[in-house]
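Right, one structure below, let's go through it.
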Amino acid sequence: MYNDPTMYPYPPVQYHLYPAHPYHYAPYWAWDRDFPPVDTKILSHSAVTSEHLLKDASLLVKKLADPAIAQQLMTSAQTGNQKEVDRIVHTFGSQSAIETSYTPTAIQFVVGPRMTGSPCCKLTLMLKWGQ
């Protein structure tokens, strides 16, 4: 039934011979729009800062791999002692600001630069620790 040639126009339509519609070339809002010149300074700054954030996140993960530190952190979190959780995380020696939040199934770290003002980047790390 589906291979019956009488169900389809003959000869087959050659869609690839038709030119594409202009809507397919660029978004409609970009047809006659002039874009400013590209400035990579902000992106480069974010990339360099992100390298430092990744190093601090790596340090954080290495410290959490120690069973004694993990036990202490999980016990403090289970009792709802946020100040103790923050104190433990800050003893790791990170150069970045780390915000910690947790649920019964996971812990989340948001690693960001310490500088004030508009942040250029941040790194969110979620680790599972329960069912």
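For (1) modelled with pLDDT of 60 or more; (2) loosely packed, with under 10 Cβ neighbours inside 10 Å, each residue gets a yes or a no:
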{"residue": "PRO12", "(1), (2)": "yes, yes"}
{"residue": "TYR23", "(1), (2)": "no, yes"}
{"residue": "ARG33", "(1), (2)": "yes, yes"}
{"residue": "ASP39", "(1), (2)": "yes, yes"}
{"residue": "VAL48", "(1), (2)": "yes, no"}
{"residue": "SER58", "(1), (2)": "yes, no"}
{"residue": "LYS62", "(1), (2)": "yes, no"}
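Taking only segment 102-112 into account, find how many residues are closer than 13 Å to LEU123 by Cβ and crowded, with 18+ Cβ neighbours inside 10 Å. Count: 3. For SER76, the criteria (1) in a helix (DSSP H, G or I); (2) within 25 Å of the chain's Cα centre (by Cα) hold in every case but one, which is (2).
Just the residues that are surrounded by 14 or more Cβ atoms within 10 Å (Cβ to Cβ) and out of contact with any helix residue (DSSP H, G or I) (no Cβ under 9 Å at 6 or more places or on another chain), please, taken from segment 87-101.
Narrowing segment 87-101 to residues surrounded by 14 or more Cβ atoms within 10 Å (Cβ to Cβ): 88-89, 92, 94, 96-98, 100.
Residue satisfying the conditions is ALA97 alone.
Pairs meeting the criteria (first residue in segment 79-101 and under 16 Å from LEU54 (Cβ atoms), second residue in a loop (DSSP other than H, G, I, E, B), beta carbons under 8 Å, at least 6 apart or on different chains) are GLN95/ARG114; SER96/PRO113; SER96/ARG114; ALA97/PRO113; ALA97/ARG114.
Of the residues that sit in segment 57-105 and are of a type in the set (Gly, Ala, Ser) and out of contact with any strand residue (DSSP E or B) (no Cβ under 8 Å at 6 or more places or on another chain), which one is farthest from TRP129 (Cα to Cα)? Across segment 57-105, the extreme among qualifying residues is GLY93. Inside segment 111-125, residues that are over 11 Å from the mean Cα position of the chain (by Cα) and not in a loop (DSSP other than H, G, I, E, B) make up a count of 2.
The values are calculated or read from the model by the stated rules, or taken from the named source; none is laboratory data. What you see is a predicted model, and the numbers here were worked out from it, not measured in a lab. Neighbour counts run over all protein chains shown; Cβ positions are idealised from the backbone, glycine included.
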